[in-house]
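S.K.: Would you mind keeping the following structure in view while I ask a few things?
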Amino acid sequence: MITISDLDIQFGKRILFQDVNIKFIPGNCYGIIGANGAGKSTFLKIISGEMDPTRGHVAMGPGERLSVLSQDHFAFDDCSVLDTVLMGHTTLWDIMTEKDAIYAKTDFSDEDGLRASELEEKFAEMEGWNAESDAASLLSGLGIGESLHRTLMKDLSGKKKVRVLLARALFGQPDNLLLDEPTNDLDLETVMWLERYLADFEQTVLIVSHDRHFLDSVCTHTVDIDFGRLKLFTGNYSFWYESSQLALRQQQQQNKKAEEKKKELEEFIRRFSANVAKSKQTTSRKKMIEKLNIEEIQPSSRRYPGIIFTPGREPGNQILEVKGLSKSIDSEVLFKDLNFNVEKDDKIVFLSRDPRAMTALFRIINEEEQPDEGEFKWGQTITTAYLPLDNARYFNSDYNLIEWLGQFARETNEVFLKGFLGRMLFSGEELLKKVSVLSGGEKMRCMISRMMLRDANVLVLDTPTNHLDLESIQAFNNTLCSFRGNILFASHDHEFIQTVANRVIELTPRGIIDKMMEYDDYISDSAIADLRERLYADSRFKI
């Protein structure tokens, strides 16, 4: 249990939030949401003790242990993978190291014997004999095989380090668990493993994440940081989002009678509660909707970018034909003899255990890279807009935002460009900012603006939610659902895939799987799972 009392956070004259009084209790998982800069990560740092509040204090239950997902990927470089995980339970690790040091003495004394006996008793009470096997099990669940358990952390790739640090945070069943963006750099299967793990976790969990499906799957409550305050809601992210949008629509209809508003809210809560009871995505611990005061629902102060893709012309029947495409990198086969046709109205998600496969395919069909073999052909009516995984080359200039966007616009009138950028939440002095110093999220909004100006009828998107905040992801997702053209994309965002794609193509070194079906059906199909296992056999991405 974590109790926050009279908490204020202020930096100079800027108040992040104040008068925070909130209690996080065991058995619940709390999703911390808020606009960029609202103070989500700062709030977790205050709870962990990494930062001090301006006023107030944080308390945990007597003897409770707190575990935090480390954001420092280099802190344990000289430690083995297994030791890094074991060190996550600091009390147990201290007992183990002191015990080993005593037994290593050449002049073992009676006092040493007594101390070793005390340590052995504590070690047994904490089930220390199972520690290494428990740590190994966590690592394996997160895709870190036994062959890597004695490897030094510095010899792992960045993505594998993230998984080890996550195992470290989860190890030993901590009483209170803080996870800041835990799904970053995890593939979809590992995220699903983490969802199942947290669904059965009986302690207190606080999570900051931009992954909506993850928040919906694991969170019983939502903590919204808005208007300089923290507000606790029973329910997951989707419930908070839909209810806040309903409240916004009601606010915009000022002439609606109070009784009508109340009935509309009550009906919304009733329908959502029924949906949640049937949803596969909710945790098994409790109903998401328990008690809710409808007076508490209010519009959010968040701003959503105006992302709208309007095709300049309707695509014809011939969209894209791919014949015999093959691509390898450093003698590793990404895909081989790839054949498929994109049909009208197809919205295709491309999957692979090797993310380089999707990037290579998208670069090839956008003529930025050559295949080893094969060819492709776009239809005559097709205009494409491409969002690459790496956009750095687009921002190596001294242009400000207006000048930058003007390179890609047919209408170069400054009023038009300012209005366009305003829809993407750039305004005032921001418009004169050099594009070379933009944040990752700002660059993505610029790249999306560039795409919108293309009036394309086919969108090619390589991991489009990277660096975007929840508001931009939601706006992007909503517009793609209603887009009147074709979409070819790769993503780690489960909700994005499930709501946009109507076809799945998985690229493997030994062939493809091509299914006209929704993503949730694809990943739950046992016949497809067996086929995937065969196609990935003998590769470094085997199951």
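The values are calculated or read from the model by the stated rules, or taken from the named source; none is laboratory data. These figures come from a predicted structure and were not determined experimentally. Backbone-built Cβ (ideal geometry, glycine too); neighbour counts: all protein chains shown. Surface areas here come from the heavy atoms of the whole protein model, side chains and all, with no ligands, DNA or RNA. Shrake-Rupley method; radii C 1.70, N 1.55, O 1.52, S 1.80 Å.
S.K.: Mind putting a number on the dipole of the chain about its Cα centre? Charges go on the C-beta only, +1 for Lys and Arg and -1 for Asp and Glu, and I need it in Debye to the nearest 20.
M.R.: Roughly 2320 debye for the chain.
S.K.: Computing the accessible area with a 1.4 Å probe over protein heavy atoms, can you report the carbon and sulfur percentage for the chain?
M.R.: 46 percent
S.K.: Now, a different point. With the crude spin-label approximation of a point 7 Å out along Cα→Cβ, what separation in nm comes out for Glu181 versus Glu98?
M.R.: With each label placed 7 Å out from Cα toward Cβ, I get 3.7 nm.
S.K.: Express in whole angstrom the spacing between the alpha-carbon centres of region 164-235 and region 337-379.
M.R.: With region 164-235 and region 337-379 each reduced to a Cα centre, they are spaced 34 Å.
S.K.: For a quick check of your reading of the filter: which chymotrypsin sites (Phe, Trp or Tyr not before Pro) in region 1-76 sit in a DSSP loop and have no more than 11 other Cβ atoms within 10 Å?
M.R.: Sites meeting the loop and neighbour criteria: Phe74.
S.K.: So if each residue of separation counts as 0.36 nm, and I subtract the Cα-Cα distance between Arg423 and Arg55, what length gain in nm does that give?
M.R.: 128.7 nm
S.K.: Would you mind working out the accessible area per residue for the chain, using a 1.4 Å probe, and quoting it in Å²?
M.R.: 48 Å²
S.K.: Let me check against my output: what whole-number percent is the relative contact order of the chain, with C-alpha pairs under 8 Å and at least 6 apart?
M.R.: 14 percent
S.K.: Tell me the angle of helix 440-452 to the major Cα principal axis of the chain, expressed in degrees between 0 and 90 and rounded to the nearest ten.
M.R.: 20 degrees
S.K.: From the backbone phi of region 33-42, what are the Karplus-calculated ³J(HN,Hα) couplings (6.51 cos²θ - 1.76 cosθ + 1.60, θ = phi - 60°) in whole Hz, Gly and Pro given as x?
M.R.: 10, x, 4, 4, x, 6, x, 4, 5, 4
S.K.: How large is the dipole of region 31-154 about the Cα centre if only Lys and Arg carry +1 and Asp and Glu carry -1, each at its Cβ, rounded to the nearest 20 debye?
M.R.: For this selection, approximately 860 debye.
S.K.: Follow-up question, since we're still on this one. Would you pull out the residues with amide H under 5 Å of Gln318's amide H, same chain only if 5 or more places away, H placed 1.01 Å from N?
M.R.: none
S.K.: Which far-off residues, 5 or more places away or on another chain, put their amide H under 5 Å from the one on Gly34, with H placed in the peptide plane?
M.R.: Counting only residues 5 or more places away or on other chains, the set is Ile225.
S.K.: I need the phi-derived Karplus couplings for region 120-127: 6.51 cos²θ - 1.76 cosθ + 1.60, θ = phi - 60°, integer Hz, Gly and Pro marked x.
M.R.: The phi angles translate into 5, 5, 5, 4, 5, 4, 8, 6 Hz.
S.K.: Ok, one more. Give the angle, between 0 and 90 degrees and rounded to the nearest 10, that separates the Cα long axis of helix 90-103 from the longest principal axis of the Cα atoms of the chain.
M.R.: 50 degrees
S.K.: What spacing in nm lies between the two simple spin-label points modelled at Ser137 and Ala75, each 7 Å away from Cα in the Cβ direction?
M.R.: 2.5 nm
S.K.: Would you calculate a helix-derived [θ] at 222 nm for the chain, using -39,500 (n - 2.57) for each DSSP H run of n ≥ 4 and dividing by the full residue count, to the nearest 500?
M.R.: Rounded to the nearest 500, it is -11000 deg cm²/dmol.
S.K.: Return one number: the angle in degrees, 0 to 90 and rounded to the nearest 10, between the long axis of the Cα atoms of helix 237-252 and the longest principal axis of the Cα atoms of the chain.
M.R.: Taking the Cα atoms of the chain, the angle to 237-252 is about 50 degrees.
S.K.: Determine ³J(HN,Hα), in whole Hz, for all residues of region 191-203 in sequence, where each value follows from phi through the Karplus function 6.51 cos²θ - 1.76 cosθ + 1.60 and θ = phi - 60°; x replaces Gly and Pro.
M.R.: With coefficients 6.51, -1.76 and 1.60, one gets 4, 4, 4, 5, 4, 5, 4, 6, 4, 9, 7, 8, 9 Hz.
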